[in-house]
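Everything below concerns the one structure shown next.
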Amino acid sequence: IWGISKSVDRVMMEVYNIISNIPSLLIVIVLTYSIGAGFWNLIFAMSVTTWIGIAYMIRIQIMRYRDLEYNLASRTLGTPTPKIVVKNIMPQLVSVIVTMASQLLPGFISYEAFLSYFGLGLPVTTPSLGRLISDYAQNVTVNAYLFWIPLTTLILVSLALFIVGQNLADASDPRTHR
């Protein structure tokens, strides 16, 4: 709706300008302090900060596909806007959404590890790579493997999710299927 309706676009651009000018990590830290530690609370805090960026990127893609010749011709011939969106625009957005999700998952994992490193993320009873890195950071000179094993695991998990997401995005891109 944001990319199609001009009245919604005006309102959402103001919301985007306000939210995007506040550092997202700061919002996540404030929300985790205010609503408490926990897995679902952390998911909620990260979702509150990232949905607007995803919506903005989808808006840009919708505006790009909205003004293509075949969509303008459909609109001229009287095709309803919802049908143009569902039949012409949405299939083009699948790869964009999968690509953005594949880039966000490693970021979310890094956010959690960063917050848990400083004691703000998951509760103490929940295992976390950030807490393991924090626990063994003081032993980096004596037992370096205790620090590097969780750090390497964090890097490998993030990298694997990114690569899988990129391959899914390539597979779902309609421009690559002829």
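Has segment 18-29 got at least one residue that is open to solvent by less than 60 Å² (accessible area, probe 1.4 Å), within 18 Å of Trp2 (Cβ to Cβ) and either without any contact (Cβ under 8 Å) to a residue 12 or more places away in the chain or touching a helix residue (DSSP H, G or I) at 6+ places or on another chain (Cβ under 7 Å) (or both)? Full working, then the answer.
Pass one, segment 18-29, residues open to solvent by less than 60 Å² (accessible area, probe 1.4 Å): 19-20, 24-25, 27-29.
Filter once more, so that each one left must be within 18 Å of Trp2 (Cβ to Cβ): 19-20.
Retained after the next criterion (residues that are either without any contact (Cβ under 8 Å) to a residue 12 or more places away in the chain or touching a helix residue (DSSP H, G or I) at 6+ places or on another chain (Cβ under 7 Å) (or both)): 19-20.
Within segment 18-29, one or more residues are open to solvent by less than 60 Å² (accessible area, probe 1.4 Å), within 18 Å of Trp2 (Cβ to Cβ) and either without any contact (Cβ under 8 Å) to a residue 12 or more places away in the chain or touching a helix residue (DSSP H, G or I) at 6+ places or on another chain (Cβ under 7 Å) (or both).
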Do we find a residue being over 22 Å from the mean Cα position of the chain (by Cα) and farther than 30 Å from Arg131 by Cβ anywhere in segment 59-67?
-> yes
Which of (1) modelled with pLDDT of 85 or more; (2) touching a helix residue (DSSP H, G or I) at 6+ places or on another chain (Cβ under 8 Å); (3) among the hydroxyl-bearing types (Ser, Thr, Tyr); (4) over 30 Å from Phe39 (Cα atoms) is the odd one out, the single condition Thr176 does not satisfy?
-> (1)
If Ser7 passes every condition in (1) at pLDDT below 85; (2) part of a helix (DSSP H, G or I) but one, which one does it miss?
-> (1)
Starting from residues that are in a loop (DSSP other than H, G, I, E, B) and more than 16 Å from the chain's Cα centre (by Cα), keep the ones in segment 10-47 and report whichever is nearest to Arg75 (Cα to Cα).
-> Asn21
Give Arg59, Arg64 a once-over and let me know the one that is among the charged types (D, E, K, R) and open to solvent by 60 Å² or more (accessible area, probe 1.4 Å).
-> Arg64
Of all residues making up segment 66-84, the number that are assigned to a helix (DSSP H, G or I) and either of a type outside the set (Ser, Thr, Tyr) or within 17 Å of Thr99 (Cα to Cα) (or both) = 9
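The values are calculated or read from the model by the stated rules, or taken from the named source; none is laboratory data. Here the structure is a predicted model, which means the values were calculated and not measured. Methodologically, a virtual Cβ is constructed for each residue, glycine included, from the backbone with ideal geometry; neighbour enumeration extends over all protein chains shown. Note: areas computed on protein heavy atoms with side chains; ligands, DNA, RNA excluded. Shrake-Rupley method; radii C 1.70, N 1.55, O 1.52, S 1.80 Å.
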